[in-house]
Amino acid sequence: MSKLAIDGGKPVRDDFLFFHRSSVGKEELNEIEDSFKSGWLTTGPKTGLFEKRFAEYLGAEHVLGLNSCTAGLHLGLVALGIGPGDEVITTPLTFPSTANVIEHQHAKTVFVDVEPDTLLLDPGLLEDAITPATEVIIPVHYAGHPCDMPAIMSIASRRGLHVVEDAAHAIEAKIDGKHCGTFGDVGAFSFYATKNMTCGEGGALCARSEELLHKLAMLRLHGLSKDAWKRYDKGGFTHYECVVPGYKYNMMDIQAAMLLHQLDKLAGFRKRRLEIVSRYDAAFSHIPELGALTRKPNVQHAHHIYVILLNLDQLTLDRDEFLNAMQAENIGVAVHFRALHLHPYYQNKYGFKRGDFPYAEAASDRIVSLPLYPSLSDDDVESVIAAVEKVVKHHRR
Ligand SMILES: Cc1ncc(COP(=O)(O)O)c(C=O)c1O
């Protein structure tokens, strides 16, 4: 058995394979150049066009381009009037911003544990967490797998609650043909560098109604009654008025320039992601020390993240040692996520401790995310598999 690279052996590949590389090309570059030549860089016609095309893609009517998904989650809570004294329910197995926006509104973050097999917010535990102060549920379509939205929406409507979907991972995710992010009052999408389509930093939201969209559009740009590009166009001069102290969350045309082409490429990206997922599935199903997340039938998974679960009782290393061994083999890896209730801010503020959300904790100690992006070559994929096999083989009990 060849020595592990972390112990001084030769790594499975000579160059380092990044956990993620964005797939952007000359189409995006040409469109950015066009924006440069036009002299219009900030929110303008390209943002408008992207909003229209993304809305068509989602089969939705009310879409706004933003500078992040976090902005969309935050605007959703602001527009729904969430503030001190309110409670908002979400999952602890998420990126900090999902809950940070609740804290920004001085509301109370209430975590509900995940299903152990999918790592999605467990609708079966929701009812017990709802109190008279509960106002919103934020389900997270973790890794790109749709949450059980029919169950969540039915609880929300029965208990008079709003739903803001965190669809950061879920651009292509659907349930019975309906896109994730279009079930709730607001759905927020991310176009961050690692996401299934990207402009480096960016996001969008989808709103349930025209009325809510208007409110969100105003909040997105300082709470002004007129967008900048409408103020400066050829029509008669109009003064803006600050109607509410809003935010600076608008998308720039330079971001939209990239996204227009990323949207065109999304189906091709997905085809390659699916090939990689199939190859990983086939290879890892032969390794008894690894577990996989359950994928439910009849949903479309966005396959944003490929997660393996280490069966730690069958291995002689822990998850962080596994990460270091993989990186030494020249394979970039990541963790999505370490349970948020055990991060210092949430632990200190709410007094959370180990044992509070056992499934999220157990997962967050044993999950590893592997590279999954369209520009991975077949050889890259084989090198990831070879590294996983090598590290596991050295650490079998
Ligand atoms: C689950 C989840 N929600 C929200 C976000 C925030 O997205 P953004 O960086 O676009 O604000 C992320 C970012 O990775 C995420 O993974």
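The values are calculated or read from the model by the stated rules, or taken from the named source; none is laboratory data. Given the structure is predicted, the values throughout are model-derived calculations rather than measurements. All Cβ positions, glycine included, derive from the backbone under ideal geometry; neighbour counts span all protein chains shown. Side chains are part of the model used for accessible areas, which takes the heavy atoms of the whole protein and leaves out ligands, DNA and RNA. Shrake-Rupley method; radii C 1.70, N 1.55, O 1.52, S 1.80 Å.
Some points to look at:
- With the simple model of a label 7 Å out from the Cα in the direction of the Cβ, Leu49 to Asp379 spans 3.8 nm.
- For segment 254-261, Karplus couplings with θ = phi - 60° (6.51, -1.76, 1.60), whole Hz, Gly/Pro x: 5, 5, 4, 4, 5, 5, 4, 7
- For Lys108, the residues 5 or more places off, or on other chains, whose built amide H falls under 5 Å of its own are Gly85, Asp86, Glu87, Val88.
- Residues whose placed amide H lies under 5 Å from that of Gly203, excluding near-sequence neighbours: Leu66, Asn67, Ser68, Phe191
- Karplus-derived 3J(HN,Hα) values for segment 377-393, using 6.51 cos²θ - 1.76 cosθ + 1.60 with θ = phi - 60°, are 7, 4, 5, 4, 4, 5, 5, 5, 4, 4, 5, 4, 4, 5, 5, 4, 4 Hz; glycine and proline are entered as x.
- Here segment 200-325 has 56 percent of its accessible surface on carbon and sulfur atoms, given a 1.4 Å probe and all protein chains in place.
- With respect to the chain, whose longest principal axis is taken over its alpha-carbon atoms, helix 210-220 is tilted by about 80°.
- Amide H contacts of Leu17 (H built 1.01 Å from N, under 5 Å, at least 5 apart or other chain): Ile331, Gly332
- Virtual spin-label span in nm between Phe18 and Arg396, 7 Å along Cα→Cβ: 3.6
- A quarter of the convex hull surface defined by the alpha-carbon atoms of the chain gives 20.8 nm² as the mean projection.
- Between Arg279 and Asp313, the modelled labels are 3.4 nm apart [label points 7 Å from Cα along Cα→Cβ].
- Sulfur and carbon atoms: percent of accessible area, segment 31-134 [1.4 Å]: 57
- Eligible lysines near Lys248 by straight Cα distance, threshold 30 Å, same-chain separation 8 or greater: Lys26, Lys37, Lys46, Lys52, Lys108, Lys195, Lys215, Lys226, Lys230, Lys234, Lys265, Lys349
- Sequence-separation-based contact order of the chain, relative, with Cα cut under 8 Å and 6+ spacing, percent: 24
- Across segment 93-101, rounded Karplus estimates of 3J(HN,Hα) from the backbone phi angles (6.51 cos²θ - 1.76 cosθ + 1.60, θ = phi - 60°) give 9, 8, 6, x, 5, 4, 8, 4, 5 Hz, Gly and Pro being marked x.
- The mean sequence distance of close C-alpha pairs (under 8 Å, at least 6 residues apart), as a share of the length of segment 265-397, puts its relative contact order at 35 percent.
- Contact order, relative form, for segment 26-262: 27 percent (alpha carbon pairs under 8 Å, 6 or more residues apart, mean separation divided by residue count).
- Note on Ala133 and His343: the extension gain reaches 73.2 nm, defined as 0.36 nm multiplied by sequence separation minus the Cα-Cα distance.
- Of all DSSP-defined beta bridges confined to the chain, some 65% are antiparallel rather than parallel.
- DSSP-loop chymotrypsin sites (Phe, Trp or Tyr not before Pro) across segment 255-349, with at most 11 other Cβ within 10 angstrom: none
- For segment 10-120, accessible area per residue (1.4 Å probe, heavy atoms of protein chains only), Å²: 42
- Computed over neighbours whose Cβ is under 15 Å from that of Phe16, the net charge equals -2, Lys and Arg +1, Asp and Glu -1.
- Note on Ala362 and Cys242: with the Förster distance fixed at 51 Å, the Cβ-Cβ geometry gives a FRET efficiency of about 0.55.
- The calculated FRET efficiency for Val335 paired with Lys26, based on their beta-carbon distance and R0 = 30 Å, is about 0.30.
- Cβ-based charge dipole, the chain, positive-most Cα from Ala360, Pro139, Ala267: Ala267
- Burial order of peptide ranges 330-336, 142-148 (average beta-carbon count within 10 Å, highest first): 142-148, 330-336
- Residue among Thr316, Thr94, Thr182 with the largest mean-square fluctuation in a Gaussian network model of the chain, springs linking Cα atoms under 10 Å: Thr316
- Size-normalised alpha-carbon gyration radius of segment 26-262, reference 2.2 N^0.38 Å: 1.02
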